[in-house]
Amino acid sequence: MPDLQESERLNELYRLYGIAAHNCSNIEYRIVYLLLGPTWQRIEGLTPEKVTEAYDKLESMPLGALLKEYKQHFTFTERQISLMEDVLKKRNHLTHRFFGAYGRKMHDPAIQEKMISELKELIQVFQSVSRSLDPEMWKKLV
């Protein structure tokens, strides 16, 4: 397959992919932050080293494992669980299948526009979920 030629639209596509991936990382980071309390409560003789070890372990977990852990410590409605599963599905698509789904067709400007549109939708979803997990938002609600 020949290399894609740099263009304004292709650069925009890659820029949006980066923003979507960044927002996925924000979701993971915020779930790690929410899991710190329950994780630390289970550790006997909490020391700075154990705190760091627990944080490092959580931080290395992929989104699916984080969501599983999250569900064990907090109560969610069926709708919330469904949304978590949808976000995981969208994240896995972005990370593992997004470019493969378009493959050789990426040379077509119409396909690039379709990809850009899909990325914009994913960004909205990921940003919304990320904001909903932001502890600063909870402080404003209380």
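See the values below:
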item	result
Apportionment of accessible area to carbon and sulfur, the range 78-120, percent (1.4 Å)	53 percent
Accessible solvent surface per residue of the range 8-52, calculated while the other protein chains remain in place, 1.4 angstrom probe, Å²	59 Å²
Accessible solvent surface per residue of the range 87-139, calculated while the other protein chains remain in place, 1.4 angstrom probe, Å²	60 Å²
Filtered GluC sites (Glu not before Pro), the range 3-47: DSSP coil and at most 16 other beta carbons within 10 Å	Glu6, Glu44
Residue-count net charge about Lys57 - beta-carbon cut-off 11 Å; Lys, Arg +1, Asp, Glu -1	-3
Net charge dipole size for the chain [Lys, Arg +1 and Asp, Glu -1 on Cβ; Debye, nearest 20]	360 debye
When the convex hull of its Cα atoms is projected in every direction, mean area for the range 67-142 (nm²)	6.5 nm²
Solvent-accessible area, 1.4 Å probe, carbon plus sulfur percent, for the range 7-72	54 percent
Heavy atoms of Lys68: accessible area, 1.4 Å probe, square angstrom to 10	130 Å²
Percent RCO, i.e. relative contact order, over the range 1-92, from Cα pairs under 8 Å lying at least 6 residues apart	29 percent
Surrounding net charge for Ser128, when Lys and Arg each add one and Asp and Glu each subtract one, Cβ distance under 12 Å	-1
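The values are calculated or read from the model by the stated rules, or taken from the named source; none is laboratory data. Quantities reported herein were computed from a predicted structural model and do not represent experimental measurements. Note that we place each Cβ from the backbone using ideal geometry, even for glycine, and neighbour counts take in every protein chain shown. Areas reflect the complete protein model, heavy atoms only, side chains present, ligands, DNA and RNA absent. Shrake-Rupley method; radii C 1.70, N 1.55, O 1.52, S 1.80 Å.
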